[in-house]
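The values are calculated or read from the model by the stated rules, or taken from the named source; none is laboratory data. If you're wondering where the values come from, they're calculated on a predicted model, not measured in any experiment. Here the Cβ positions follow ideal geometry from the backbone for every residue, glycine too, while neighbour counts run over all protein chains shown.
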Amino acid sequence: MSGLVCFSHGKDSSPQATKINALSVVAQRHGWRTMSVDYRGIDSPEERVNKLKTQLSAPSKPLVLVGSSMGSYVSLVAAKSLNPVGLFLMAPAVNMPGYDLHGGPPENCRVQIFHGWHDDIVTVDRVLKFAQAHQIETLLLNDNHRLQSSLPQLEKFFAIFLDEIRQNIG
């Protein structure tokens with residue numbers, strides 16, 4: 001597979017964050033190229049969306065966007081113009097002040113949400129409301145916002161996610 005997996009980190013994270021590093025290895029093992037956008041120093045979600053769209057102005061197809069927290073919001077908003085085949089969203093910042101989504105993910109895009117039951121930054125009710133409104137497959141994990149304890153599960157689910165995309169496009 002010659003597609004691209006693009007990672008967007010959370011507000012206080014970095015492009016070399018633990019989840020990004022681990023999931024990059026999974027993607028590369030499955031034949032995908034990877035990149036991680038550096039948003040450090042950019043607090044505005046909309047500025048981050050613009051940076052992602054600029055970085056992917058001529059994206060490789062197929063494209064998968066992966067985000068954590070604010071990075072999930074950024075991926076969701078950018079997806080409307082980038083048309084990825086997949087969105088893998090962890091602890092997505094949805095239904096929160098300053099994170100205004102208009103609609104859901106694009107059509108014909110495989111979407112999965114992973115969220116921690118004990119997330120005190122983006123509460124479960126916010127995510128479930130969004131997931132229900134757009135009928136998005138959602139897995140709730142016994143974890144907090146960072147999802148660090150669930151990393152082995154995330155790696156397994158990400159591998160399955162990429163395999164499903166390959167089967168659907170290939």
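For the reader, a short list of remarks on this structure follows.
- Test: Gln112 is farther than 16 Å from Val77 by Cβ and touching a residue at least 40 places away in the same chain (Cβ under 8 Å): yes
- Applying the condition of being loosely packed, with under 12 Cβ neighbours inside 10 Å and modelled with pLDDT under 90 to segment 48-60 and asking which residue is farthest from Arg33 (Cα to Cα) yields Ser57.
- Flag if Arg40 is crowded, with 21+ Cβ neighbours inside 10 Å, of a type in the set (Lys, Arg) and over 20 Å from Ile165 (Cβ atoms): no
- Among the residues of segment 85-99, those identified as over 22 Å from Leu4 (Cα atoms) and out of contact with any Asp or Glu (no Cβ under 9 Å at 6 or more places or on another chain) are Ala93, Val94, Met96, Pro97, Gly98, Tyr99.
- Checking each residue in segment 43-73 for being assigned to a helix (DSSP H, G or I), of a type in the set (D, E, K, R) and under 26 Å from Glu164 (Cβ atoms) picks out only Lys53.
- Restricting segment 1-15 to residues that are more than 15 Å from Asp38 (Cα to Cα) and of a type outside the set (Gly, Ala, Ser), the residue that is modelled with the highest pLDDT: Leu4
- Taken residue by residue, segment 85-99 has at least one member that is of a type outside the set (Lys, Arg), over 16 Å from the mean Cα position of the chain (by Cα) and not in a loop (DSSP other than H, G, I, E, B).
- Subset of segment 1-31 [in a loop (DSSP other than H, G, I, E, B), closer than 16 Å to Leu87 by Cβ and within 14 Å of the chain's Cα centre (by Cα)]: His9, Gly10
- Residue pairs meeting the criteria (Cβ under 7 Å; at least 6 apart or on separate chains; first free of Cβ contacts under 8 Å to residues at least 60 places away in the same chain, in segment 138-151; second in a helix (DSSP H, G or I) and of a type in the set (Ser, Thr, Tyr)): Leu141/Ser150; Asp143/Ser149; Asp143/Ser150
- Test: residue in segment 101-119 that is among the small types (Gly, Ala, Ser) and at pLDDT below 95: yes
- The requirement of being touching a Phe, Trp or Tyr at 6+ places or on another chain (Cβ under 8 Å), among the β-branched types (Val, Ile, Thr) and surrounded by 15 or more Cβ atoms within 10 Å (Cβ to Cβ) is fulfilled somewhere in segment 73-87, by at least one residue.
- Any hit, segment 38-60, residues being of a type in the set (Lys, Arg) and within 20 Å of Ala159 (Cα to Cα): no
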